[in-house]
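Asks: Below: one structure in structure tokens.
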Amino acid sequence: MEETISLKQIFDILRKHLASIFICSFIGLALAGVATFFVITPKYSSQAQLIVTLPQGDATANPNDVNTNLQMINTYKELVTGDLVLDQVKDRLESEYDLDMTTEKLKDVLEVTQQQNSLMFSIKATDSSAINAEHIANTTAQIFQETAKDVLEVNKISIISKATASMDPVSPNNKLNLAIGLVLGLMIGVGLAFVLELLDRTVKDDKFVSEDLGFTILGTVPQMSQKELDATIQKKPIVPTFKKNNKKTDENDSAVSRRSRSRV
């Protein structure tokens, strides 16, 4: 027979294990806070903006030139993250800023972004140090500008905005991590409540006795509240006892009896 559960039963289960749900939610929030503020290393981002300009001296701009420049940006992206540029970036960072980074590490921290149908693109660097992120972005932009003139034979790439160090970390997202920890803790608490309910094999109602066990119910004893119990229980009267007095009386009676026998 397929068992079904009603919404009332679900709410009853959640209310019964409300303390466990709150504890799990608090633990999840606490673990997320510890990981966010003490374990995860914050990352800082800095970016330099460049623009591809049309050739000077033309009275009108040819739409084909614009499309060509837009398509060339993909080539510029490949050049920025290529070994030709990054090898020079690595050497200049080490010589000027005493920053030792491998080419593979530079590929991981660098990102080239572009707005749709825009001649402007950005070289963004993300690092655990805001100052290092600034140096990486600016150095990469400068070397890319110099290299593009020689390799692509263009002089139409201009740096319009240099990277500046930002002390606001881009990761981790504190609020998002805390919210995730709270939600995960809440989900675990709800799941634990249903697991505990499934493992609880005590008899909860008369349907279990009649339907699952197949026994006939002869009668039921309703559960009484503490107030009803206090109203029905009668206090027994306190009967004073006189143990010491009775003992003395018995001794006196014994003495009188002995005297009577001695006289006889």
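Any read-out appearing in this document is the output of simple, stated calculations on the displayed coordinates, not a laboratory observation. The shown structure was predicted, so the numbers you read here are calculated from the model rather than taken from an experiment. Note: ideal-geometry Cβ built from the backbone for every residue, glycine included; neighbour counts use all protein chains shown.
Asks: Cα-Cα over 22 Å: which of Lys90/Lys156; Lys105/Lys156; Lys77/Lys105; Lys8/Lys207; Lys124/Lys162; Lys77/Lys124?
Replies: Lys90/Lys156; Lys105/Lys156
Asks: Amide H of Ser161: which non-local residues (sequence gap of 5 or more, or other chain) have their own amide H closer than 5 Å, using H built in the peptide plane?
Replies: Sorted by chain and number, the residues that satisfy this are Gln49.
Asks: Treat the count of other C-beta atoms within 10 Å as a stand-in for reagent exposure and order Arg201, Arg15, Arg92 from fewest to most.
Replies: Arg201, Arg15, Arg92
Asks: Which of Phe37, Phe11 comes first, and how do the rest follow, when ranked by fewest Cβ neighbours within 10 Å?
Replies: Going from least to most buried by this count: Phe11, Phe37.
Asks: Taking θ as phi - 60°, what are the ³J(HN,Hα) couplings along region 24-38 by the Karplus curve (6.51, -1.76, 1.60), each to the nearest whole Hz, with x for Gly and Pro?
Replies: With coefficients 6.51, -1.76 and 1.60, one gets 5, 5, 5, 5, x, 5, 5, 5, 5, x, 5, 5, 6, 9, 10 Hz.
Asks: Just rank Glu111, Glu94, fewest to most, by other beta-carbon atoms within 10 angstrom.
Replies: Glu94, Glu111
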